[in-house]
Amino acid sequence: MRVGNPLLRSSAKSVPVEALSSDFLQYLIKQMIATMRKAKGVGLAANQIGSPLNVMVLECKKNPRYPTGYDFPLKVYLNLKILKLSRKKILGWEGCLSIPGYRGAVHRSESVLIKAQLPNGTWVQEKASGFEARVIQHEADHLSGKLYIDHLTLQKDWMHLDLFNQKFRKKIKDHAKNN
Ligand code: NI
């Protein structure tokens, strides 16, 4: 789903208990992981592929679109709630599979404490910091109908990927299909 689609502006619906062991949910999660990996993304929210459910996947493993040292393992979270955001915020560049070809600099809390359900139904509380915390905040935004561009305050903080690549001497490409 691309920016402009109303589903990206809708709040996600909770995944009900009875859906937890369903084939449908397993299929959705599989599709989300496959879509994220194919597009070389580091996170994906269910509404980005057309589902209104509160599901997100995250993973950063030797990703050509992000520098090394940012890696974190695959996570699948259902019904995620952010319990705490650190007061300390960091400015960092973000892209989005729903807004291919652009980058924006956004302030995000340096660390987060979250509560979420795993696909087996277990509730967990986890703390994340740095890049992983940024990705969680970006995906949590998606699930409440927000996009990173909503946080931009200065025009200079949003640019086409070609200019971003020039500015930072990078050769990053967004994979524009199937997301
Ligand atoms: Ni996004």
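The values are calculated or read from the model by the stated rules, or taken from the named source; none is laboratory data. Since we're looking at a predicted model, the values are computed, not measured. Because the Cβ atoms are built from the backbone with ideal geometry, glycine has one as well, and the counts that use them run over all protein chains shown. Keep in mind that these areas ignore ligands, DNA and RNA; they rest on the heavy atoms of the full protein, side chains included. Shrake-Rupley method; radii C 1.70, N 1.55, O 1.52, S 1.80 Å.
Computed quantities for the displayed model
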quantity: Rg over Rh, two decimals, the chain (C-alpha only, Kirkwood Rh); calculated: 0.95
quantity: Cα pair distances in segment 1-98, grouped into 5 Å bins until the bin that holds the longest one, percent each; calculated: 2, 11, 20, 22, 21, 15, 6, 2, 0
quantity: Helix axis angle, 130-143 relative to the chain longest principal axis, alpha carbon, degrees; calculated: 60 degrees
quantity: Under 20 Å from the Cα of K13 - aspartates and glutamates, other chains or at least 8 residues apart; calculated: D23, E139, D141
quantity: Solvent exposure, largest accessible area first (probe 1.4 Å, DNA, RNA and ligands not counted), of H138, H151; calculated: H151, H138
quantity: Taking the chain and dividing mean pair separation by its residue count, relative contact order in percent (alpha carbons under 8 Å, at least six apart); calculated: 26 percent
quantity: Of all accessible heavy-atom area on the chain, the percent that carbon and sulfur account for (1.4 Å); calculated: 54 percent
quantity: Packing-based ranking, highest mean first, of 14-22, 157-165 given that Cβ atoms within 10 Å are counted; calculated: 157-165, 14-22
quantity: Area of Y27 that stays accessible when all protein chains are in place (1.4 Å probe, Å², to 10); calculated: 140 Å²
quantity: Estimated distance in nm for a label pair at K167 and K146, the labels positioned 7 Å out from Cα along Cα-to-Cβ; calculated: 2.1 nm
quantity: Unit Cα scatterers, Debye sum, segment 72-150: log10 I(q)/I(0) for q = 0.17, 0.18, 0.27 Å⁻¹; calculated: -0.68, -0.76, -1.40
quantity: For segment 66-86 versus segment 99-152, the gap between their alpha-carbon centres in whole angstrom; calculated: 6 Å
quantity: Between 0 and 90°, nearest 10: helix 23-38 axis offset from the chain longest Cα axis; calculated: 10 degrees
quantity: Anchor K30: aspartates and glutamates whose Cα lies under 16 Å away (excluding residues fewer than 8 positions away in-chain); calculated: E59
quantity: Solvent-accessible heavy-atom area per residue, rounded to whole Å², over segment 32-179 at 1.4 Å; calculated: 51 Å²
